[in-house]
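Enquirer: The structure that follows is given in the form of structure tokens.
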Amino acid sequence: MPIRDDFILRMLDSVAEVMARVLTGSGGAGLAEAERELADAYMQLTGSGRALVARLSSEQLLAILGAPMRFNRERGYVLARLLEADAGLTEAEAGGDASPSGAAAEGAADTRRLKALDLYLEAAKAGLDEEDLEARIGGLVAALSGLALPESSYWRVFEHAAGGGRFAEAEDLLFDALARFGAGADVAERGRAFYRDLEALPDEALEAGALPRDEVVEGRAAFEAELRGADGAAAGGSSA
């Protein structure tokens, strides 16, 4: 369901004001004001300053917000919006600097975007129904496409695609995971659960997800063959 909490809605207004200053502010004065407003918004929402939030990992932020069992999806969504605004501010403050410090600012901005993506994905998993949520997730996935996502973030993207009925997209992510993370127990368990869930669905749902039943059968067989091949290679390597 969409956000109804008045405090959260006021926080979203504050984030919108920060972004407006980042996008339209001219020179350092506008950015300095945006930074003050952003710091105030962080403090109101989390009780912590901008610098501390920057030091916390995605998993730490999620834990603070009650993940996985009691995740506060509204606050998670607003914190993700703040982190997106912070990423934009970080880049604006760097001003396109091509020096090592500019590259560091770009890396810091991407780190903030990654945290925002994780928070959005958890908010979606928890049932938040903000109308812009899918667009924001898609935009961040695209913005971070040049980076190798951490494994935990990668699986959140996979689960979001599968849970959203985009089965062909999820299957592509699964096979990419085999290449990236190897055919270990976690990948095998996730893949087998994915195909079991697909096989229990009606044909109409599979077709809507761009993965008809015959392709599900083919995909599962190919996945199991990849696992067997990896086991065989491992056994051959150990015997050598």
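The values are calculated or read from the model by the stated rules, or taken from the named source; none is laboratory data. What you see is a predicted model, and the numbers here were worked out from it, not measured in a lab. Reconstructed Cβ throughout: ideal geometry from the backbone, glycine too, with neighbour counts over all protein chains shown.
Residue by residue, here is whether (1) of a type outside the set (A, V, I, L, M); (2) over 20 Å from Gln60 (Cβ atoms); (3) in contact with a Gly (Cβ under 6 Å, 6 or more places away or on another chain) holds:
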site	(1), (2), (3)
Tyr120	yes, no, no
Glu131	yes, yes, no
Gly138	yes, yes, no
Leu144	no, no, no
Ser152	yes, no, no
His160	yes, yes, no
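Enquirer: Go through (1) buried (at least 17 other Cβ atoms within 10 Å of the Cβ); (2) in contact with a Phe, Trp or Tyr (Cβ under 8 Å, 6 or more places away or on another chain); (3) at pLDDT 95 or above one by one and return the number of the condition Glu130 breaks.
Expert: Status for Glu130: all satisfied but (3).
Enquirer: Take the residues in region 138-163 that are outside any loop (DSSP other than H, G, I, E, B), of a type in the set (A, V, I, L, M) and in contact (Cβ under 8 Å) with a residue 12 or more places away in the chain; name whichever of them is farthest from Ala116 (Cα to Cα).
Expert: Across region 138-163, the extreme among qualifying residues is Ala162.
Enquirer: For region 199-207, state whether one or more residues are touching a Leu at 6+ places or on another chain (Cβ under 6 Å) and either of a type in the set (D, E, K, R) or surrounded by 17 or more Cβ atoms within 10 Å (Cβ to Cβ) (or both).
Expert: Checked region 199-207: no residue is touching a Leu at 6+ places or on another chain (Cβ under 6 Å) and either of a type in the set (D, E, K, R) or surrounded by 17 or more Cβ atoms within 10 Å (Cβ to Cβ) (or both).
Enquirer: Restricting attention to region 27-55, which residues are within 21 Å of the chain's Cα centre (by Cα) and touching a residue at least 40 places away in the same chain (Cβ under 8 Å)?
Expert: Those that are within 21 Å of the chain's Cα centre (by Cα) and touching a residue at least 40 places away in the same chain (Cβ under 8 Å): Tyr42, Ala54.
Enquirer: Continuing with the same structure: Kindly establish whether Ala98 is modelled with pLDDT under 90, of a type in the set (A, V, I, L, M) and surrounded by fewer than 21 Cβ atoms within 10 Å (Cβ to Cβ).
Expert: Yes; evaluated as a whole, the condition is true for this residue.
Enquirer: Something else about it: Give the residues of region 31-60 that are acidic (Asp, Glu) and over 21 Å from Glu74 (Cβ atoms), sorted by residue number.
Expert: Scanning region 31-60 gives Glu33, Glu35.
Enquirer: Ala116 fails exactly one of the following numbered conditions: (1) small (Gly, Ala, Ser); (2) assigned to a loop (DSSP other than H, G, I, E, B); (3) buried (at least 19 other Cβ atoms within 10 Å of the Cβ); (4) not assigned by TED's automatic domain parsing to the domain that holds Ala222. What is the number of that condition?
Expert: Here Ala116 meets the rest and fails (2).
Enquirer: Among the listed residues Ala54, Ala34, Ala63, which satisfies the condition of being aliphatic (A, V, I, L, M), in the same structural domain as Arg113 (by TED's automatic domain parsing) and modelled with pLDDT under 90?
Expert: Result: Ala34 is the single residue among Ala54, Ala34, Ala63 that is aliphatic (A, V, I, L, M), in the same structural domain as Arg113 (by TED's automatic domain parsing) and modelled with pLDDT under 90.
Enquirer: I would also like to ask the following. In the set Ala161, Ala185, Ala193, Ala168, which member is touching a Phe, Trp or Tyr at 6+ places or on another chain (Cβ under 9 Å) and not assigned by TED's automatic domain parsing to the domain that holds Tyr120?
Expert: Ala161
Enquirer: Do you know which residues across region 135-167 are surrounded by 15 or more Cβ atoms within 10 Å (Cβ to Cβ) and within 21 Å of Leu227 (Cα to Cα)?
Expert: Tyr154, Trp155, Phe158, Glu159, Ala162, Phe167
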